[in-house]
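Q: My structure is below; once you've seen it, I'll send some questions.
The values are calculated or read from the model by the stated rules, or taken from the named source; none is laboratory data. In this text the structure is predicted, and so the values were computed from the model without any measurement. Backbone-built Cβ (ideal geometry, glycine too); neighbour counts: all protein chains shown. Please note that ligands, DNA and RNA were not included when accessible areas were found on the heavy atoms of the full protein model with its side chains. Shrake-Rupley method; radii C 1.70, N 1.55, O 1.52, S 1.80 Å.
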Amino acid sequence: KKLAQIKDIKVTVQEFSQGPPSDSPIALRITGPEIPQLQKIASNIKAMIAEIPGTENIKDDLGNGLNEFKFTLDPEIINYHGLRGAEVAATVRNIVQGIEATSIKIKGEDTKVFINYDHETNNNTPDLSVKDIEGFEIATPKGYSVSLAQLGHFELIEGISTINRNDQERIVKVKSDL
C-alpha cells in the first residue's frame with residue numbers, strides 16, 4: 001500500500017531465479033536516470049521496510065564516496081551575461097584539470113601537452129579552495145568578465161563510490177534481513 005504513494009513506479013514481485021541466491025531475504029531493485037531521485041526513493045523504501053516487524057540490517061548498495069563540491073549555475077544569470085552552461089562548465093574544468101593543447105611524439109610515444117593555471121600543488125594535484133575557484137573570471141560575449149561566484153553557487157555533497165547499471169539504467173538495490 002505504501003509503495004502506491006510513489007508516482008511512476010512499476011512493482012514486480014518475483015523470486016530471484018537466476019544466478020546465486022540473493023544475499024538477503026528482501027531485495028528491491030530501483031532503476032532510473034537520476035541518482036538524487038534514486039537516493040530519495042531508496043531512503044523512503046528503507047524507512048518503509050524498517051516499519052515491518054522482524055526486519056533488520058536494512059541497507060542500500062550506494063557506497064559512500066569522497067565528499068565533492070557541486071557547482072550549480074543560475075540559468076537566469078548566465079543567460080543575462082550571454083553565457084552558456086557548457087562554456088562555464090568547461091572553464092571550471094580547465095581551471096582544475098588544465099586543458100589539452102596538443103600532443104607530441106617523444107621516442108615514438110604520443111604525449112599529451114596540457115596548459116595549466118599556475119596553482120600551488122600538493123602531489124601534482126591543484127591545491128585550490130572554493131574561494132579560489134569562485135574568484136576566477138570568465139569573459140562574456142558582451143565584452144566584460146564576471147566571477148564564477150556571480151554565476152552560481154558551490155555546495156559540499158557526499159559523492160557516491162559506485163553506481164550499478166543494467167542495460168544503461170542506473171540501479172540501486174535495497175536489502176534487508178528478516
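Q: List the pairs whose first member sits in the stretch 29-54 and is in a helix (DSSP H, G or I), whose second member is open to solvent by 60 Å² or more (accessible area, probe 1.4 Å), and whose Cβ atoms are under 7 Å apart, counting only residues at least 6 apart or on separate chains?
A: That search, which allows pairs on different chains as well, returns 35/163; 35/170; 38/170; 48/2.
Q: Follow-up. Take residue 109 and decide whether it is modelled with pLDDT of 75 or more, more than 20 Å from the chain's Cα centre (by Cα) and open to solvent by 80 Å² or more (accessible area, probe 1.4 Å). So that I can check it myself, show each step before the final result.
A: On the way: modelled with pLDDT of 75 or more: yes; more than 20 Å from the chain's Cα centre (by Cα): yes; open to solvent by 80 Å² or more (accessible area, probe 1.4 Å): yes.
For residue 109, the condition - modelled with pLDDT of 75 or more, more than 20 Å from the chain's Cα centre (by Cα) and open to solvent by 80 Å² or more (accessible area, probe 1.4 Å) - is met.
Q: Looking at the structure I just gave you, is residue 90 modelled with pLDDT of 85 or more, closer than 16 Å to residue 71 by Cβ, exposed (fewer than 10 other Cβ atoms within 10 Å of the Cβ) and not aromatic (Phe, Trp, Tyr)?
A: Numbers: modelled with pLDDT of 85 or more: yes; closer than 16 Å to residue 71 by Cβ: yes; exposed (fewer than 10 other Cβ atoms within 10 Å of the Cβ): no; not aromatic (Phe, Trp, Tyr): yes.
No, not satisfied.
Q: For residue 167, work out the one condition from (1) open to solvent by 40 Å² or more (accessible area, probe 1.4 Å); (2) at pLDDT 80 or above it doesn't fulfil.
A: Exception for residue 167: condition (2).
Q: Another question about this same structure. Tell me the residue from 15, 76 that is modelled with pLDDT of 90 or more and open to solvent by 90 Å² or more (accessible area, probe 1.4 Å), please.
A: Values: 15 fails: modelled with pLDDT of 90 or more.
That would be 76, the only listed residue that is modelled with pLDDT of 90 or more and open to solvent by 90 Å² or more (accessible area, probe 1.4 Å).
Q: Same structure, new question: For residues that are surrounded by 14 or more Cβ atoms within 10 Å (Cβ to Cβ) and among the hydrophobic types (A, V, I, L, M, F, W, C), scanning just the stretch 36-66, find the one that is modelled with the lowest pLDDT.
A: 62
Q: At pLDDT below 85 and among the acidic types (Asp, Glu): is that true of residue 158 in this structure?
A: yes
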